[in-house]
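Q: Okay, handing you the structure first.
The values are calculated or read from the model by the stated rules, or taken from the named source; none is laboratory data. All of these numbers come straight from a predicted model, not from anything done at the bench. In this analysis, Cβ positions are derived from the backbone assuming ideal geometry, glycine residues included, and neighbour counts consider all displayed protein chains.
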Amino acid sequence: MSAPRHDPDQHRGAARVAMVGAGQLARMTHQAAVDLDVELRVLATSPDEPAVLAGAPHRFGGPGDWEALSAFVAGADVVTFDHELVPPSLLRRLEELCVPVRPAPDALVFAQDKLHARRALGEAGYPVPAFAPVEGRDDVLGFAAGHGWPVVLKARRGGYDGRGVTVLAAAAEVPGDLGTDGDGGPAWLVEAHLDLAAELAVLVARRPSGDAVAYPVVQTTQVAGICRHLVSPPELPPATLRRAEELALEVVETIGATGVCAVELFVTSAGAVLVNEVALRPHNSGHATIEANLTSQFHQHLRAVLDWPLGPTDLVAPAAAMVNLITPDASVHPAANLPAALAVPGARVHLYAKASRPGRKVGHVSALGPSATEALALASEAAAILLAR
Ligand SMILES: Nc1ncnc2c1ncn2[C@@H]1O[C@H](COP(=O)(O)OP(=O)(O)OP(=O)(O)O)[C@@H](O)[C@H]1O
Ligand SMILES: [Mg+2]
């Protein structure tokens, strides 16, 4: 007797997850979903997005398109996100469809609105940079009169990778056209420019039940507001790292986030640890977890939003590093340099199938090592080969 044939139409995976967005985060979540036989589908805006090119089941539609969103989430066990672009009003309507939205709209607003996040975390007693809302030029001038120059001007919504963040050195640099946003509230905030000794990030995964785990702290290095590379563990006093982890776990609890969250922190030259911002999804600062930690952030995000047991987060080597592949312009083709980069022993290359453009993140390289310095040297060597003309 022949074995019964498996009917692919009858196949039911371990769970059904709808992820809004189809960028590199969705692409890497798709890889994790394959491992767990989770049926992940993504909402894409174009056929050339990274998750679509990786073969993730998809539908097309914009994050602000209610018809597309509601059809997309039908039949899913949970809806989650690879970006912060779904308007809060539509997030609330999604909840009314009785599909769990994780993280929930009240939590997501912390990632969508920098002014809300600063105010709410400041009022909850967390250390945050001195800041003020901005509805016009005078608000910036008034803040600088009290705190001194330079100041940092930030778009309240929509900024990423340093877009929407400008350091202003003097009154003459303050733009004249700072207005209110669509809701009539301030569209900007201004904050004190801190003298930074280091920037840290702590990934936290949290289940709807409240169970949460933190990953080992990473130290990120930004150039022009965009993360260039990171190492873990940072060479900083253990008390600083403990404080960062403690703050991250508390912040995520306060926000009530579910899934993976990244908490970005500033360490000032005076040694104070302040909360910068939160991302409520897998994050660039967690990319090294694919190779460097017992549970990658992408597996962990699926586990957390599905309310499944969380995995251990320990580093699997003494140290790890990750270097972002940021293309200077369209003349650089990392894929063409891939075989040469793979000749670097231990370099783990990830390409996102994105076209090269000035300042665009098109992939990353991770490496493990006996020390952060050695891991970073290895990842940097492969990254330089990938970015060669
Ligand atoms: N108050 C500040 N003082 C000094 N440097 C700052 C300050 N705020 C931001 N920066 C620098 O600018 C970078 C980008 O700022 P921030 O993280 O607020 O915005 P972002 O562009 O939205 O970031 P992301 O891409 O992580 O979402 C920080 O990582 C830091 O290097
Ligand atoms: Mg940031």
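Q: Pick out, from region 207-299, the strands (runs of 3 or more DSSP E) lying fully within it that include 1 or more residues that are over 16 Å from the mean Cα position of the chain (by Cα) and surrounded by fewer than 21 Cβ atoms within 10 Å (Cβ to Cβ).
A: Per the criteria, 212-214, 218-223, 259-268, 273-279.
Rundown of residues vs (1) more than 25 Å from the chain's Cα centre (by Cα); (2) without any contact (Cβ under 8 Å) to a residue 40 or more places away in the chain; (3) away from ligand 1 (no atom under 16 Å from the Cβ); (4) in a helix (DSSP H, G or I), yes/no style:
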position	(1), (2), (3), (4)
Cys98	yes, yes, yes, no
Arg118	no, no, no, yes
Pro129	no, no, no, no
Asp138	yes, yes, yes, yes
Arg157	no, no, no, no
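Q: Counting only residues that are in a strand (DSSP E or B) and more than 22 Å from the chain's Cα centre (by Cα), which one in region 159-186 is nearest to Pro133 (Cα to Cα)?
A: So, considering only residues that are in a strand (DSSP E or B) and more than 22 Å from the chain's Cα centre (by Cα), the one nearest to Pro133 (Cα to Cα) is Pro186.
Q: Condition check: in contact with a helix residue (DSSP H, G or I) (Cβ under 9 Å, 6 or more places away or on another chain) and closer than 19 Å to Gln297 by Cα. Does His30 satisfy that?
A: For His30, the condition - in contact with a helix residue (DSSP H, G or I) (Cβ under 9 Å, 6 or more places away or on another chain) and closer than 19 Å to Gln297 by Cα - is met.
Q: Determine which single condition Leu53 fails, assuming it passes every other condition in (1) touching a residue at least 60 places away in the same chain (Cβ under 8 Å); (2) crowded, with 17+ Cβ neighbours inside 10 Å.
A: Failed condition: (2).
Q: Let me ask another. For region 335-386, give me the residue count where each residue is free of Cβ contacts under 8 Å to residues at least 60 places away in the same chain, basic (Lys, Arg) and over 23 Å from Pro233 (Cα atoms).
A: Residues meeting the conditions: 2.
Q: Still on this structure, I have one more. Which residue pairs have Cβ atoms closer than 9 Å, lie 6 or more positions apart in sequence or on different chains, and pair a first residue in region 1-18 that is within 30 Å of Arg102 (Cβ to Cβ) with a second residue that is modelled with pLDDT of 90 or more and among the polar types (S, T, N, Q)?
A: Val17/Thr29; Val17/Thr80; Ala18/Thr80
Q: Restricting attention to region 161-180, which residues are at pLDDT below 95, within 16 Å of ligand 1 (Cβ to nearest atom) and loosely packed, with under 14 Cβ neighbours inside 10 Å?
A: Arg163
Q: Oh, and also: Of all residues in region 265-279, which are under 15 Å from Gly159 (Cβ atoms), in contact with a helix residue (DSSP H, G or I) (Cβ under 7 Å, 6 or more places away or on another chain) and not β-branched (Val, Ile, Thr)?
A: If the condition is that a residue be under 15 Å from Gly159 (Cβ atoms), in contact with a helix residue (DSSP H, G or I) (Cβ under 7 Å, 6 or more places away or on another chain) and not β-branched (Val, Ile, Thr), then Glu277, Ala279 are the ones that fit.
Q: If you don't mind, another one. All but one of (1) out of contact with any Pro (no Cβ under 7 Å at 6 or more places or on another chain); (2) more than 16 Å from ligand 2 (Cβ to nearest atom) hold for Ala224, so report the exception by its number.
A: It fails just one condition, (2).
Q: Got a number for residues in region 253-270 being within 13 Å of ligand 1 (Cβ to nearest atom) and of a type in the set (Asp, Glu)?
A: 1
Q: Now for a separate question. Would you please name the residue that is nearest to ligand 1 (Cβ to nearest atom), looking only at residues in region 184-197 that are of a type in the set (A, V, I, L, M, F, W, C) and either buried (at least 20 other Cβ atoms within 10 Å of the Cβ) or within 17 Å of Arg137 (Cα to Cα) (or both)?
A: Of everything passing the filter in region 184-197, Ala192 is nearest to ligand 1 (Cβ to nearest atom).
Q: Now, a different point. Just give me the residues in region 328-359 being in a loop (DSSP other than H, G, I, E, B), small (Gly, Ala, Ser) and out of contact with any Asp or Glu (no Cβ under 9 Å at 6 or more places or on another chain), in sequence order.
A: Ala330, Ser331, Ala343, Gly346
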